[in-house]
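Asks: Input: one structure, supplied below.
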Amino acid sequence: MIVTDDAIQQLNRDWREKDKPTDVLSWPQSEPGEPLTEQLGDVVISRDTAERQALARGWELEDELALLLVHGILHLLGHEDDTEAGSEIMKGVERRILGKPLDPLP
């Protein structure tokens, strides 16, 4: 789903107790350690944040939306980016999938 900053902020507040907008949220259909189901889960992207991030990277909006979708799906598959090691692994997978360098946001 693609939503506004206001909508994703509400989801972020309700589900993660973080009262601020974010770029992407995801919720798996299965619990950690359980087998994956046919439907991996839900991914919600803020178009407002994606537009700002695309502008900051000098990318097209579609490229940023693709990155955020891949990022959300990787979380559904069990990847994490809460640690430096996990973040580096996710970035490597994202680079391979998208076929382009992913420099940090300025």
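Asks: In the stretch 45-106, how does Rg compare with the Kirkwood Rh, expressed as the Rg/Rh ratio over alpha carbon atoms?
Replies: We get a ratio of 0.95 for the stretch 45-106.
Asks: Further question: 5 Å is the cut-off here: which amide hydrogens, built 1.01 Å from N in the peptide plane, fall below it relative to Val3, excluding neighbours closer than 5 in sequence?
Replies: When sequence neighbours closer than 5 places are left aside, the close amide H contacts are Ile45, Ser46, Arg47.
Asks: Cut-off is 10 Å between beta-carbons; in what order do Lys91, Lys100 appear when sorted fewest neighbours first?
Replies: Values: Lys91 16, Lys100 12.
So the residues, fewest neighbours to most, are Lys100, Lys91.
Asks: Place a +1 charge on the Cβ of each Lys and Arg in the stretch 2-98 and a -1 charge on the Cβ of each Asp and Glu, then give the dipole magnitude about the Cα centre in debye, rounded to the nearest 20.
Replies: 180
Asks: Now for a separate question. With θ set to phi - 60°, apply the Karplus curve 6.51 cos²θ - 1.76 cosθ + 1.60 along the stretch 91-106 and write out the HN-Hα couplings as whole Hz, x wherever there is a Gly or Pro.
Replies: For the stretch 91-106, the Karplus curve yields 4, x, 5, 4, 4, 5, 5, 7, x, 8, x, 10, 5, x, 5, x Hz.
Asks: Moving on. Over the chain, with a Gaussian network built from C-alpha contacts below 10 Å, which listed residue (Asp81, Asp14, Asp48) shows the highest mean-square fluctuation?
Replies: So, out of Asp81, Asp14, Asp48, the one fluctuating most is Asp14.
Asks: In addition: From the backbone phi of the stretch 79-86, what are the Karplus-calculated ³J(HN,Hα) couplings (6.51 cos²θ - 1.76 cosθ + 1.60, θ = phi - 60°) in whole Hz, Gly and Pro given as x?
Replies: 6, 10, 10, 7, 10, 4, 5, x
Asks: With just the Cα atoms defining each centre, how far is the stretch 14-47 from the stretch 60-102? Give it in Å.
Replies: That distance is 14 Å.
Asks: Any idea what the relative contact order of the stretch 2-98 is, in percent, if you count C-alpha pairs under 8 Å spaced at least 6 apart?
Replies: 24
Asks: Could you pull out every residue, at least 5 positions away or on a different chain, whose amide H is within less than 5 Å of the one on Ser30? Hs are placed 1.01 Å off N in the peptide plane, and Pro or chain starts have none.
Replies: Thr37
Asks: Using only helices, what value at 222 nm comes out for the chain when you add -39,500 (n - 2.57) per DSSP H run of length 4 or more and divide by the total residues, to the nearest 500 deg cm²/dmol?
Replies: Calculated from helices alone, the mean residue ellipticity at 222 nm is -16500 deg cm²/dmol.
Asks: Compare the Cα positions of Gly86, Leu55, Ile2 along the charge dipole of the chain (+1 at Cβ of Lys, Arg; -1 at Cβ of Asp, Glu; about the Cα centre) and return the one farthest towards the positive end.
Replies: Leu55
Asks: Sorted from largest down, give the three principal axis spans of the alpha carbons of the chain, whole angstrom values.
Replies: Computed over the chain, the largest-to-smallest principal extents equal 40, 32, 26 Å.
Any read-out appearing in this document is the output of simple, stated calculations on the displayed coordinates, not a laboratory observation. Note that this is a predicted model, so its numbers are computed, not measured. Virtual Cβ from ideal backbone geometry, glycine too; neighbours counted across all protein chains shown.
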